[in-house]
Amino acid sequence: MNIFKAFENDIRTLLEELAAEGALPPGLDSSRLTVEPPREAAHGDLSTNAAMILAKPAKMNPRALAELLVAKLRTRPDVASVEIAGPGFVNLRLTADVWRDRVRDVLNAGTSYGDSTMGKGLPVNVEYVSANPTGPLHAAHGRGAVFGDALAALLEKAGYAVTREYYINDAGAQVDVLGRSTYLRYREALGEDIGTIPAGLYPGEYLKEVGAGLADRDGNAWLDKDESEWLPACRDFAIAMIMGWIKEDLGVLGVRMDVYSSERALVQAGAVDIALRALEERGLIYTGVLEPPKGKKPDDWEPRPQTLFKSTDFGDDVDRPLKKSDGSFTYFSNDIAYHFDKYRRGSANLIDVWGADHGGYVKRMQSATTAVTEGKASLDVKLCQLVHLMQNGEPVKMSKRAGTFVTLRDVIEQVGRDVVRFIMLTRRNDQTLDFDFAKVTEQSKDNPVFYVQYAHARCRSVLRHAATALPHVDQEPAALAARANLARLDAEEEMTLAKRMATWPRLVESAADAHEPHRVAFYLYDLASEFHALWNRGRDDTSLRFLIEGDEEVTVARLALIAAVSTVIASGLKVMGVEPAEELRS
């Protein structure tokens, strides 16, 4: 149960009652009404802006309207107190039983606690990673992969029908460079001394594996052929092999895509023509001359007629070229076709996760998506900033195999999948992330992945000890929910935990709505902190310990509480793609 959403609906009902009684005008628009935690915990449990947003259309003073609502709320048995704050906010304190009942909700729902119908089954396409198939994934790709995967899981928990997609950029100049680089390594694998890698080709050692693989498959079949013959073979072989590595690395990270879309296949199927025809039919393509780009010298640029898309009609800074000087399509044209294709496949809600270096591409892609779908699709682009890899504060040296970067597989093998996934979500996607190998594996409160996992492991440890001490107590969650007298939970720290768990359903909805999965990591850290605080209080005050000899009733109530805590932690970790720890060893 989302207690905030429940009260929001109840307050709307009370406003309708006031309108029926003649105290308020009928038909007031309450769509902006919210119920949320007050900014200061001392102000209560819930706060609503109902009087503030309705006062003007009701032609009333906000506090006067608030008084009417307060009078209704005071009659509710689940409201302990209610007061008006400031210009008209209404703050409520709920009875302890409301929060205790949420503990029972958790136990009965299991890790499904927090599942929402907010999304109403609407399809959402989340496209992420989508690294060029020119080399292994690096750490920044890993951040985009974790972010996109967690966002997809979060949206699913909020009730959306999610498609996880990877867009293979296998058309254009970069894969031709890959083909030529592969051909050089192919000749090397057949015994030729290739010398220094020429400028403009990919120098990474990983291409030795590609060249050797091609030599094993085809022998010297391509040695005496023209580039027009060997380039397609080398390019296709390299793309397939590197995509195999990428899929393996994503698998190790726990990422499974639903769809792999090929740019080349899209172009060959005529999708670009279809998309541009749709724009042309709406009068959004014309031939014109653009102003020189900012920062370019006049002799670096010459004006020429170009096929342009009217992207400024949809919020972009300038109109954008659709064709190159040789008449071929620009990358932008291909990307318009790709987003139109996603829309035509049934997704009007599109989310792209890109690297930070693509920030200048956002406006044009959003304008094109709006235009080509006639405003029926929305595109949200999430940019993932860089990851700085360090060891005890010092930059980590580059990978020998990759040549210029540390591979994602290197990072996973050093610290483990769960650590990588958790740490990648401990900052907003638009903030740079420092990933220190020493810090992310230390056992301290400063390491959020350890701190949260430690809370879960402590919960499981208590339950294991209880199973030995009280073997007749059924620890199945539903059994604990039915048996536990939760009224015995009356310590301040116990109520704090119950209240924190009750905010999980709201957190799921708000994080999903904002497309911000990092909020889950922050929430879990706060929940873990409150659990550890209760644990530490029990060291000083024996009456707060979980297992109380001679008082089975309070023991069972506390077992229900910590079983619920472990369940909510597991629910959050599931969204993050992290396995909850049953125990931790030094």
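Values for this structure:
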quantity: Label-to-label distance, nm, for residues given as Glu280 and Thr196 (7 Å Cα→Cβ offset); calculated: 4.8 nm
quantity: Taking the chain and dividing mean pair separation by its residue count, relative contact order in percent (alpha carbons under 8 Å, at least six apart); calculated: 17 percent
quantity: FRET E, pair Thr468, Glu492, Förster distance 35 Å, beta-carbon r, rounded to 0.05; calculated: 0.75
quantity: Compactness of the chain - radius of gyration and Dmax, Cα, Å; calculated: 29.2, 93
quantity: Hypothetical label at Leu122: residues of the range 132-162 whose amide nitrogen lies under 11 Å (7 Å Cα-Cβ projection); calculated: 160-161
quantity: Cα pair distances exceeding 26 angstrom across the range 96-234, given as percent; calculated: 51 percent
quantity: About the Cα centre, charge dipole magnitude for the chain (Lys/Arg +1, Asp/Glu -1 at Cβ), debye; calculated: 720 debye
quantity: Per DSSP, loop GluC sites (Glu not before Pro) in the range 154-243 with at most 13 further Cβ within 10 Å; calculated: Glu192, Glu205
quantity: Modelled FRET efficiency - R0 51 Å, Thr13 with Asp176, Cβ distances, 0.05 increments; calculated: 0.20
quantity: Cα centroid separation, the range 230-270 to the range 1-41 (Å); calculated: 51 Å
quantity: Where a label projected 7 Å from the Cα of Asp551 along Cα→Cβ would reach, residues of the range 483-507 with amide N under 15 Å; calculated: 485-495
quantity: Whole-Å semi-axes of the range 173-253's equivalent ellipsoid (Cα gyration tensor); calculated: 21, 14, 13
quantity: Where trypsin sites (Lys or Arg not before Pro) fall in DSSP loop in the range 151-229, at most 14 other Cβ within 10 Å; calculated: Lys225
quantity: Point-to-point label distance, Arg74-Tyr260, nm (Cα→Cβ direction, 7 Å offset); calculated: 6.7 nm
quantity: Span from the the range 322-386 Cα centroid across to the the range 82-132 one, whole angstrom; calculated: 32 Å
quantity: Residue-count net charge about Tyr343 - beta-carbon cut-off 11 Å; Lys, Arg +1, Asp, Glu -1; calculated: +2
quantity: Bins of 10 Å from zero: percent of alpha-carbon pairs in the range 3-94; calculated: 18, 58, 24, 1
quantity: For Gly244, net neighbour charge (Lys/Arg +1, Asp/Glu -1) across residues whose Cβ lies under 14 Å away; calculated: -2
quantity: Cut-off 9 Å between beta-carbons: net charge of the residues surrounding Lys363, Lys and Arg +1, Asp and Glu -1; calculated: -1
quantity: Thr95 long-range amide H proximity, modeled H, under 5 Å; calculated: Val79, Ala80
quantity: Fraction of beta bridges assigned by DSSP in the chain that are antiparallel (%, nearest 5); calculated: 45 percent
quantity: Computed over the range 445-576, Cα set: Rg, Dmax in Å; calculated: 14.9, 49
quantity: Using a Förster distance of 60 Å, the FRET efficiency for Asn108-Ser444 (Cβ separation, nearest 0.05); calculated: 0.95
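Taken together, the values in this text are just the output of simple stated rules run on the coordinates, not laboratory data. Values in this document were obtained by computation on a predicted structure and should not be read as measured data. Cβ sites come from the backbone with ideal geometry, for glycine too, and all protein chains shown count toward neighbours.
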